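These notes concern the structure reproduced below.
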Amino acid sequence: MISGTISSLQQLRIIFMGTPEFAVASLDALVKAGGNVVAVVTAPDKPAGRGLKLSESAVKKYAAEQGLHLLQPEKLRDPGFIAELETLKADVQVVVAFRMLPEMVWNMPRLGTINLHGSLLPQYRGAAPINWAVINGEKETGVTTFKLQHEIDTGNILLQESFPIGPDDTAGDVHDRMKTIGASLLVKTIQQLAEGTLQDHPQQAPAGGLKHAPKLFTETCRIQWDLPAEHIYNLVRGLAPFPGALSSLDGKILKVFACAKEIVSHHDTPGTVNSDGKSFLKFACADGYIHILDMQLEGKKRMLVADFLRGYRLGGK
């Protein structure tokens, strides 16, 4: 057994794999805890914007600032990439918001590969756990560290930590809290792994069944106005700030980033638009109205509803 928290982290050779800003918090926490990060693997630079200028991932920018050894393979099975991983002789690999790894990669380190997942596994396995937890109106979520194995998100659980989802929290709110909580849990996991005190256990399916978190598609984001207000409200929260819930207004695509619900009896057909042309814009739903607060109409900038109505005439009048 290796003893001593900081010295233990320094003795383990760690390869970190991640791409978006969410992963930066975990990498930063490992670095600040004294982790011996021998390499960082992230996505290749990609053309972005009107000028198609190459854009670097958030993880690459952080790694470059810290002077960490950086790898950006186009393909994870590339012989050159595999050979370089072998020369690094990592004790453990850490994966946070990265792509699916082939077995030849995740099975390489002597202590395996550890993934940080944004849910309380086995619930919400998949690509969008934060979004789906909010969309489904969950009151609690959490983070899990687990060992990678063949089937995605099914490996033995190492550590977990839960935290509440507020009734008005968006996916963005949960994301921002989760990245900090997850970073702390990841460091704790690596510390215990280094000390030899970490115990894993198989995932157990809950009695009520599993809820999944598949990738978000355009159809997922479409608001169905014949559903109850609470359902629509949760959908909007779960898709904010990205990619945004979708509807239409005057034949144009409408993105909704924030809304309020009004539960009231009415005789309007679901989807009917009501507005005073100045301060409110609301859509009828099954048991009331959804008031649009923050929006973006196709061809226009994102804005608050009052600002939008100030320069727009509903129905093209």
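One table, with the values for the structure above:
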| quantity | calculated |
| --- | --- |
| Residues that are polar (S, T, N, Q), in contact (Cβ under 8 Å) with a residue 40 or more places away in the chain and open to solvent by less than 50 Å² (accessible area, probe 1.4 Å), drawn from segment 191-227 | 191, 203 |
| Selection within segment 249-281 - over 28 Å from the mean Cα position of the chain (by Cα), open to solvent by less than 50 Å² (accessible area, probe 1.4 Å) and aliphatic (A, V, I, L, M) | 249, 281 |
| Selection count where residues are crowded, with 18+ Cβ neighbours inside 10 Å and part of a loop (DSSP other than H, G, I, E, B), scope segment 141-168 | 4 |
| Single residue of 115, 107 found to be free of Cβ contacts under 8 Å to residues at least 60 places away in the same chain and either open to solvent by less than 30 Å² (accessible area, probe 1.4 Å) or under 15 Å from the mean Cα position of the chain (by Cα) (or both) | 115 |
| Hits in segment 285-299 - residues which are farther than 21 Å from residue 267 by Cβ, open to solvent by 20 Å² or more (accessible area, probe 1.4 Å) and either in a strand (DSSP E or B) or touching a residue at least 60 places away in the same chain (Cβ under 8 Å) (or both) | 293, 294, 296 |
| Count of segment 169-185 residues which are open to solvent by less than 10 Å² (accessible area, probe 1.4 Å) and over 16 Å from the mean Cα position of the chain (by Cα) | 1 |
| Checklist (1) within 30 Å of residue 81 (Cα to Cα); (2) out of contact with any Ser or Thr (no Cβ under 8 Å at 6 or more places or on another chain); (3) buried (at least 22 other Cβ atoms within 10 Å of the Cβ) applied to residue 123, failing item | (1) |
| Which listed residue is without any contact (Cβ under 8 Å) to a residue 40 or more places away in the chain, within 26 Å of residue 139 (Cα to Cα) and assigned to a strand (DSSP E or B), from 255, 261 | 261 |
| Where residue 234 falls short, out of the listed (1) in a loop (DSSP other than H, G, I, E, B); (2) surrounded by 15 or more Cβ atoms within 10 Å (Cβ to Cβ); (3) of a type in the set (S, T, N, Q) | (1) |
| Residue 138, sole failed condition from (1) within 17 Å of residue 210 (Cβ to Cβ); (2) open to solvent by less than 20 Å² (accessible area, probe 1.4 Å) | (2) |
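The values are calculated or read from the model by the stated rules, or taken from the named source; none is laboratory data. From a predicted model like this one, the values you see are computed outputs, not experimental measurements. All Cβ positions, even for glycine, are placed from backbone atoms using ideal geometry, and neighbour counts span all protein chains on display. Surface accessibility is based on the protein's heavy atoms, side chains included, excluding ligands, DNA and RNA. Shrake-Rupley method; radii C 1.70, N 1.55, O 1.52, S 1.80 Å.
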